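I have placed the structure first, in the form of structure tokens, so that the comments after it can refer back to it.
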Amino acid sequence: MNVLVFAEQRDGKLKKAALEAMSVGREIADATGGTAAAVLLGQGVGPLAEALGKAGADKVYVGDDALFASYSDAYGLAVGKAAQAMAANALVFSATAMGKDLAPKVTARLGIGLLSDVTSFTAAGGAVSFQRPIYAGKAFATLVPAAGKPFGVTVRPNVFPVKECPKAGEVVSLDHGVTPGDLKAVVEKILTAQGELLDVAEANIIVSGGRGMKGPENYKILEELAKELGGAVGASRAAVDAGWIDHSHQVGQTGKVVSPGLYIACGISGAIQHLAGMSSSKVIVAINKDPEAPIFKVATYGIVGDLFEVVPLMTQAVKAMKAAG
Amino acid sequence: MNVLVFVKHVPDTETRVKVAADGLHLDLGEANFVINPYDEFAVEQGLQLKERLGGEVTAVTVGNDDAVKTLRQALAMGADKAILCSDAGFDEADPLATARILAAAAGKVPYDLILCGKHGVGGDNQQVGSLVGQLLGIPVVTVVTGMELEGTSLQLKREVEGGTEVVKATLPAVISCQKGLNEPRYPSLKGIMAAKKKEVTAWKAADLGLDPASLAPAFGLQKLELPPPRPAGRVLAGEIPAQVQELVKLLHEEAKAI
């Protein structure tokens with residue numbers, strides 16, 4: 001299979017998720033006998049091609065053009081062109097905000113199917129199958145592409161390792177065919193959440209608070225712990241619906257589905273829709289006054305106690321641990 | 001201002017899923033089916049635009065005959081009309097097939113704007129709005145938390161990692177709605193009564209001019225399974241300060257998580 005990987009960059013930097021997707025693309029190409037290429041769009045992005053070669057791209061189609069300075073629907077047109085140029089059998093995108101927006105725009109254009117948010121795959125002997133969560137991870141589906149048909153997938157960030165696999169990374173200028181008239185749904189600017197910690201979707205450590213937080217003012221203690229751990233602050237639906245914290249922090253079936261290395265649930269009882277969104281975390285810590293809370297059933301470690309006592313002590317203990325080296 | 005709102009009939013988020021004996025279907029047991037939570041933001045947005053600018057809001061769904069309940073919910077909130085696209089296999093249509101059905105339906109109804117939820121809970125594909133926009137050849141903006149409309153110019157806010165993108169688009173367009181865009185209204189008793197009298201149009205593949213072959217699934221399902229159970233955890237004991245010390249030590253040395 002010839003595999004085309006969309007390599008997402010923002011502000012002239014390749015996303016880690018782009019390299020993860022490249023590694024997935026390389027492995028599929030190797031297992032099925034084909035080439036792996038990347039497509040890179042933006043302005044002044046040429047120098048990023050080298051890193052894609054190191055991660056396994058035989059070729060990098062570069063669309064370095066002012067037309068791609070901001071994300072727009074024209075990205076879909078350009079990626080479609082790259083797919084046609086290499087006769088791609090498979091397209092790989094990152095399941096990031098951009099990748100999830102872009103992938104269906106490309107696959108609809110090509111009239112092919114798309115699997116969202118793939119979390120594992122098996123590629124061997126010319127065949128490939130993919131696993132993806134449904135019901136926010138309450139169940140997993142294993143799917144295979146219809147025989148001989150091209151297809152697309154988006155792969156969940158932070159799940160697949162980046163593997164060094166140096167290839168030629170031959171840079172090819174993409175004949176993208178985009179004209180100014182194709183610039184629809186253009187991003188005008190990006191408002192960065194000021195002074196905020198990481199986004200829960202990207203963080204490897206999440207400190208999350210629920211109904212037990214009692215009010216918006218108390219999130220400060222979670223922020224302090226998250227800051228000390230280099231993580232993000234999450235929340236349950238109860239806390240978001242109460243208006244204590246913005247919905248962009250919400251973890252669960254109606255929020256973000258996350259799989260960080262460490263998830264610390266503070267004052268979260270563990271409603272089924274919350275558990276669906278976080279129970280694939282590698283390590284889970286539960287801090288709750290109620291020993292019967294369902295969150296303890298999925299926790300690696302639990303403390304039955306008052307989060308207002310436990311969390312500040314934990315921040316201190318982490319500080320002390322770091323100071324001790 | 002005529003607005004189409006795509007809605008989906010889904011099991012609510014409290015549903016416990018089990019895999020049926022064939023390993024290829026979910027046993028949703030006593031699941032309570034509701035309008036997809038994100039679609040409520042889409043319906044609300046459509047109603048607010050109608051209240052400001054006039055026109056009609058039409059709710060459209062693809063599914064089985066039971067999905068009419070979700071259309072009634074949209075009608076009870078205040079939508080004017082509803083269309084049920086239902087035929088053999090429609091309730092198991094994959095995202096591309098669903099989008100082809102919806103795009104065909106949109107081709108038969110005048111519209112200025114199409115709204116849908118950010119994603120349908122359950123399938124979790126987050127594709128259909130984007131696919132439809134592409135099939136219709138109109139702009140698409142997804143995961144929208146803010147919308148301003150001046151004439152035919154839209155300024156939208158969309159959620160991305162660690163920030164918000166401000167996006168410009170022109171009508172007609174497809175917008176997928178995220179929590180935060182508005183506060184969906186509850187249907188009033190009057191609305192619920194009125195919804196019972198509103199007509200629901202039913203369309204089959206033939207009414208939509210669709211060739212069933214174009215709706216074949218793009219992927220074959222091999223199996224469905226539940227996630228592996230998590231290994232049993234440890235609840236610590238002792239005085240709280242000692243527990244915290246132990247926890248941090250375990251996270252560092254045993255779990256290597258910090």
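Coordinate-derived values only; no laboratory data. Being a predicted model, the structure only gives us computed values, none of them experimental. FYI the Cβ positions are ideal-geometry reconstructions off the backbone, even for glycines, and counts take in every protein chain you see.
Run the numbers on segment B:71-191 and let me know its relative contact order in percent, using alpha-carbon pairs under 8 Å that are six or more apart. If you can, show how the numbers build up before the last one.
Working: 185 pairs, mean separation 33.2, N = 121.
Reported relative contact order: 27 percent.
Could you list B:Arg185, B:Arg158 so that the one with the fewest beta carbons within 10 Å of its beta carbon is first and the one with the most is last? Can you show the working numbers first?
Values: B:Arg185 15, B:Arg158 26.
Going from sparsest to densest Cβ surroundings: B:Arg185, B:Arg158.
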*May I ask for log10 I(q)/I(0) of the protein assembly as shown at q = 0.05, 0.07 Å⁻¹, from a Debye sum over the Cα atoms as equal point scatterers with solvent left out?*
-0.21, -0.42
*Value of relative contact order over segment A:214-325, rounded to a whole percent, pairs C-alpha under 8 Å and six or more apart*: 21 percent
*asked:* Going Cα to Cα from A:Lys54, which aspartates and glutamates come in below 18 Å? Please leave out same-chain ones fewer than 8 positions away.
replied: A:Glu8, A:Glu20, A:Glu27, A:Asp30, A:Glu164, A:Glu170
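Residues of A:110-117, mean number of Cβ from any other protein chain within 10 Å of their own Cβ, rounded to a whole number?
Working: counts 1, 6, 2, 9, 10, 6, 7, 4.
Mean partner-chain Cβ count within 10 Å for A:110-117: 6.
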*Based on the mean of other Cβ atoms within 10 Å per residue, sort peptides A:106-115, B:15-24, A:243-252 so the most packed one is first.*
A:106-115, A:243-252, B:15-24
*Go ahead and estimate [θ] at 222 nm for the protein assembly as shown from helices alone: -39,500 (n - 2.57) per DSSP H run with n ≥ 4, summed, over the residue count, rounded to 500.*
-8500 deg cm²/dmol
*Given segment A:286-325 reduced to its alpha-carbon atoms as identical point scatterers, what log10 I(q)/I(0) does the Debye formula return at q = 0.23, 0.26, 0.31 Å⁻¹?*
-0.74, -0.82, -0.95
*Quick one: angle between helix B:95-106 and the longest Cα principal axis of chain B, in degrees between 0 and 90, rounded to 10, please.*
30 degrees
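Fewest Cβ neighbours within 10 Å first, please rank B:His252, B:His9 accordingly. Don't skip to the answer; put the middle values down first.
On the way: B:His252 15, B:His9 24.
So the residues, fewest neighbours to most, are B:His252, B:His9.
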*Distance check, please: which entries in A:Lys138/A:Lys322; A:Lys59/A:Lys163; A:Lys167/A:Lys189; A:Lys184/B:Lys108; A:Lys227/B:Lys18; A:Lys256/B:Lys196 exceed 28 angstrom between their Cα atoms?*
A:Lys138/A:Lys322; A:Lys167/A:Lys189; A:Lys227/B:Lys18; A:Lys256/B:Lys196
_Alpha-carbon centroid distance for the pair segment B:143-158 / segment B:47-87, whole angstrom_ = 22 Å
*Using the count of nearby Cβ atoms within 10 Å as a rough guide to exposure, how do A:Tyr61, A:Tyr263 rank from fewest to most?*
A:Tyr61, A:Tyr263
*Taking the Cα atoms only, what angle lies between the long axis of helix B:37-53 and the longest principal axis of chain B, rounded to 10 degrees?*
40 degrees
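Please compute, for peptide B:214-222, the average count of beta-carbon atoms on other protein chains lying within 10 Å of each residue's beta-carbon.
Working: counts 1, 0, 3, 3, 13, 15, 7, 4, 7.
Mean inter-chain Cβ contacts per residue within 10 Å come to 6.
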